[in-house]
């Protein structure tokens, strides 16, 4: 196999990329969005290396170091640059394991330290105002948007998870949803009574979103658009409109911020970190721990503002 995947015969490593993506899909159950991101990242690296007369398969450590430095001055967000470095490193670890190369040219390059930004968080009052503003919209659109906000805030679902929910998932008014998250892993997501009421209120309006000529749809949140279901982009636009109606800066609001609010408010209420990790579907508890910093900062602010001893003046 190593001979058939020689650099020159496969367009400077294109075959390596294809094999790497296939491995990620089959062995690690990487999601389609993840595979698309890897493919774009590696195409970007390939384009840079082509300018140096190289390809991914025959790049030297100096070439990879130059590419990583290029990412640092390209104006990318820290997260995007870090992901592109990780994609290149992943490809070379795979190639090394397959014995297609005898070295890893990305190994000697130290990635810059990346501080993980604290997530934006809405207060409980913000959430209530947002739901009220969504519900105040006319007819079916308001019922759908209020339902989506209630559902994500009650369950902590990712936007990619909630928008692909089949209508069958809410048959018999369940207290939990079975959700397939990243890597195809299933987990239980809770539905409180408020969210269930919002779903019941929305369901009679749901047929109004069916595509023309259709009498039904498999999706809980169908759309008349080409995809047949509500898109993440359209959902984000609707949230922006609701935020403005609630008097909240739209820059503070996104579908993912609703998930952040779910996690942070649970921790503020005393929930166990491991339980929140399970509810969010995080593989690594370190990802969940960032919410402890947010919750801690919020609690300190409340203490400073509300506790009597914090407000007591000390006579000189």
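Here are the numbers for the structure shown:
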{"quantity": "Output for the range 222-233, where each listed residue is within 18 Å of the chain's Cα centre (by Cα) and modelled with pLDDT under 90", "calculated": "232, 233"}
{"quantity": "Candidates 157, 145, filtered to the one that is in contact with a helix residue (DSSP H, G or I) (Cβ under 8 Å, 6 or more places away or on another chain), surrounded by 15 or more Cβ atoms within 10 Å (Cβ to Cβ) and assigned to a helix (DSSP H, G or I)", "calculated": "145"}
{"quantity": "Verdict on residue 61 being under 19 Å from residue 93 (Cβ atoms), out of contact with any strand residue (DSSP E or B) (no Cβ under 7 Å at 6 or more places or on another chain), surrounded by fewer than 15 Cβ atoms within 10 Å (Cβ to Cβ) and modelled with pLDDT of 85 or more", "calculated": "yes"}
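Residue-by-condition table, conditions (1) under 21 Å from the mean Cα position of the chain (by Cα); (2) at pLDDT 90 or above; (3) assigned by TED's automatic domain parsing to the domain that holds residue 266:
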site: 86; (1), (2), (3): yes, no, no
site: 91; (1), (2), (3): no, yes, no
site: 106; (1), (2), (3): no, no, no
site: 113; (1), (2), (3): no, no, no
site: 118; (1), (2), (3): yes, no, no
site: 134; (1), (2), (3): no, yes, yes
site: 147; (1), (2), (3): yes, yes, yes
site: 154; (1), (2), (3): yes, yes, yes
site: 164; (1), (2), (3): yes, yes, yes
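The values are calculated or read from the model by the stated rules, or taken from the named source; none is laboratory data. A quick note: this is a predicted structure, and the numbers were derived from the prediction, not measured. Ideal geometry is used to build each Cβ from the backbone, glycine not excepted, and the neighbour counts take in all protein chains shown.
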